[in-house]
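**Student:** For reference, the structure I am asking about is given below.
The values are calculated or read from the model by the stated rules, or taken from the named source; none is laboratory data. All figures in this text were calculated on a predicted structure; none of them were measured in a lab. We place every Cβ from the backbone using ideal geometry, glycine too, and count neighbours over all the protein chains shown. Heavy atoms of the whole protein, side chains included, go into the accessibility calculation; ligands, DNA and RNA do not. Shrake-Rupley method; radii C 1.70, N 1.55, O 1.52, S 1.80 Å.
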Amino acid sequence: MTGWYQRKIVPHIIRMGCGCALMDEYRQHIIPKARGRVLEIGLGAGANLRFYDAANVTQVLGIEPSPELRAMAIRAERPATIPIEVVEAAGEALPFAMESFDTVICTFTLCSVDDVGLTLAEARRVLKPGGRFLFCEHGRSPDYRVQKWQRRIEPVWKAVFGGCHITRAVRGNIERYFAISEWTGGYQGTTLRIAGWMEWGEAIAGTSAFSQRQ
């Protein structure tokens, strides 16, 4: 029953929740900044695709482990002139060469990957020195009272929403691998605070020496 729910129900929850109009405001701040060859980690149902700027992006490769979400992403609206490839892969093991992308996009993904550190290390590995890591994530609130409820509810929340963690630190994890150059945080107005703390911005990859140490 759990497997059936994860395959048949969770992909539609993700499509409707992450792809709703309320999330477009965040995507519009982030996705048009992408440049060059782009990797999107956690493509989901393809909600970001229509926001790419065809004048600045040469190619988009989107990884997604769920076959149901990959099928949705293939049908998603996108600029006709950008080559887009949907790849079966997980963030913890990217099937790409070191320093092969100009931009990595990560939106509403770090909450549900199995290993946040490994996913970010892989993102750093495939980014060129000086490349941009563009992110928009929800996670652990800065408010202690909200954090308490997040810890209490997270076990049930993960079961219902496909492994989504609401207690993971966003900025703290990203800063272990990238230098954050732009950051904004705040609650999404109509979302419950336990799930509505949002952080978005831009981070820069350092020198290739970092990748060689991983």
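**Student:** Kindly check whether there is at least one residue in the stretch 35-50 that is over 19 Å from Arg70 (Cβ atoms), at pLDDT 95 or above and either among the basic types (Lys, Arg) or within 15 Å of the chain's Cα centre (by Cα) (or both).
**Tutor:** Yes, because at least one residue in the stretch 35-50 is over 19 Å from Arg70 (Cβ atoms), at pLDDT 95 or above and either among the basic types (Lys, Arg) or within 15 Å of the chain's Cα centre (by Cα) (or both).
**Student:** Being out of contact with any Asp or Glu (no Cβ under 8 Å at 6 or more places or on another chain) and under 27 Å from Pro129 (Cα atoms) is the filter here; which residues of the stretch 52-80 pass it?
**Tutor:** Tyr52, Asp53, Ala54, Ala55, Asn56, Val57, Thr58
**Student:** Another one. Which residues, counting only those in the stretch 58-74, are of a type in the set (D, E, K, R) and surrounded by 20 or more Cβ atoms within 10 Å (Cβ to Cβ)?
**Tutor:** Going residue by residue through the stretch 58-74, those that are of a type in the set (D, E, K, R) are 64, 68, 70.
Correct list: Glu64, Arg70.
Listed here are the residues, each with its yes/no results for (1) closer than 24 Å to Gly201 by Cβ; (2) not hydrophobic (A, V, I, L, M, F, W, C).
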site	(1), (2)
Gly91	yes, yes
Leu94	yes, no
Cys106	yes, no
Leu118	yes, no
Ala121	yes, no
Val126	yes, no
Lys148	no, yes
Arg151	no, yes
Val156	no, no
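**Student:** Does Glu202 qualify as being over 16 Å from Arg140 (Cβ atoms), of a type outside the set (Gly, Ala, Ser), open to solvent by less than 20 Å² (accessible area, probe 1.4 Å) and at pLDDT 95 or above? First the steps, then the outcome.
**Tutor:** Working: over 16 Å from Arg140 (Cβ atoms): yes; of a type outside the set (Gly, Ala, Ser): yes; open to solvent by less than 20 Å² (accessible area, probe 1.4 Å): yes; at pLDDT 95 or above: yes.
Taking the combined requirement at face value, the residue satisfies it.
**Student:** Inside the stretch 135-182, can you point out the residues that are open to solvent by 50 Å² or more (accessible area, probe 1.4 Å) and either closer than 17 Å to Leu120 by Cα or assigned to a loop (DSSP other than H, G, I, E, B) (or both)?
**Tutor:** Those that are open to solvent by 50 Å² or more (accessible area, probe 1.4 Å) and either closer than 17 Å to Leu120 by Cα or assigned to a loop (DSSP other than H, G, I, E, B) (or both): Arg140, Pro142, Asp143, Phe161, Arg171, Glu175, Arg176, Ala179, Ser181.
**Student:** In the stretch 41-85, how many are hydrophobic (A, V, I, L, M, F, W, C) and either in a helix (DSSP H, G or I) or farther than 23 Å from Arg125 by Cα (or both)? I'd like the intermediate steps shown before the answer.
**Tutor:** At the first step, the residues of the stretch 41-85 found to be hydrophobic (A, V, I, L, M, F, W, C) are 41, 43, 45, 47, 49, 51, 54-55, 57, 60-61, 63, 69, 71-74, 76, 80, 82, 84.
Among the residues that remain, those that are also either in a helix (DSSP H, G or I) or farther than 23 Å from Arg125 by Cα (or both) are: 45, 47, 49, 51, 54-55, 69, 71-74, 76, 80, 82.
Total satisfying the criteria: 14.
**Student:** Spot the failing condition for Ser112; the list is (1) at pLDDT 95 or above; (2) open to solvent by 30 Å² or more (accessible area, probe 1.4 Å); (3) not in a strand (DSSP E or B), and only one is missed.
**Tutor:** It is condition (1) that Ser112 fails.
**Student:** Can I ask one more? Restricting to the stretch 11-34, and then to whatever is in contact with a Leu (Cβ under 9 Å, 6 or more places away or on another chain) and either under 15 Å from Val160 (Cα atoms) or not in a helix (DSSP H, G or I) (or both), can you tell me which residue is modelled with the lowest pLDDT? Break it down into steps so the answer makes sense when it comes.
**Tutor:** At the first step, the residues of the stretch 11-34 found to be in contact with a Leu (Cβ under 9 Å, 6 or more places away or on another chain) are 11, 14-15, 30-31, 33-34.
From the residues that got through so far, the ones that are either under 15 Å from Val160 (Cα atoms) or not in a helix (DSSP H, G or I) (or both) too are 11, 14-15, 34.
Values: Pro11: 70, Ile14: 71, Arg15: 63, Ala34: 98.
Across the stretch 11-34, the extreme among qualifying residues is Arg15.
**Student:** Here's something else I'd like to know. Scan the stretch 43-57 residue by residue and report those that are open to solvent by 40 Å² or more (accessible area, probe 1.4 Å) and of a type in the set (Gly, Ala, Ser). Working first, answer last.
**Tutor:** So in the stretch 43-57, the residues open to solvent by 40 Å² or more (accessible area, probe 1.4 Å) come out as 50, 53-56.
Hits for the stretch 43-57 are Ala54, Ala55.
**Student:** Within the stretch 90-104, is there a residue that is within 21 Å of Gly185 (Cα to Cα), open to solvent by less than 10 Å² (accessible area, probe 1.4 Å) and of a type in the set (A, V, I, L, M, F, W, C)? Steps first, please.
**Tutor:** First pass over the stretch 90-104, keeping only residues within 21 Å of Gly185 (Cα to Cα): 104.
Now restrict to residues that are open to solvent by less than 10 Å² (accessible area, probe 1.4 Å): 104.
Still in the running and of a type in the set (A, V, I, L, M, F, W, C): 104.
Looking through the stretch 90-104, at least one residue is within 21 Å of Gly185 (Cα to Cα), open to solvent by less than 10 Å² (accessible area, probe 1.4 Å) and of a type in the set (A, V, I, L, M, F, W, C).
**Student:** Considering (1) assigned to a helix (DSSP H, G or I); (2) in contact with a helix residue (DSSP H, G or I) (Cβ under 8 Å, 6 or more places away or on another chain), say which one Ala123 fails and leave the rest.
**Tutor:** (2)
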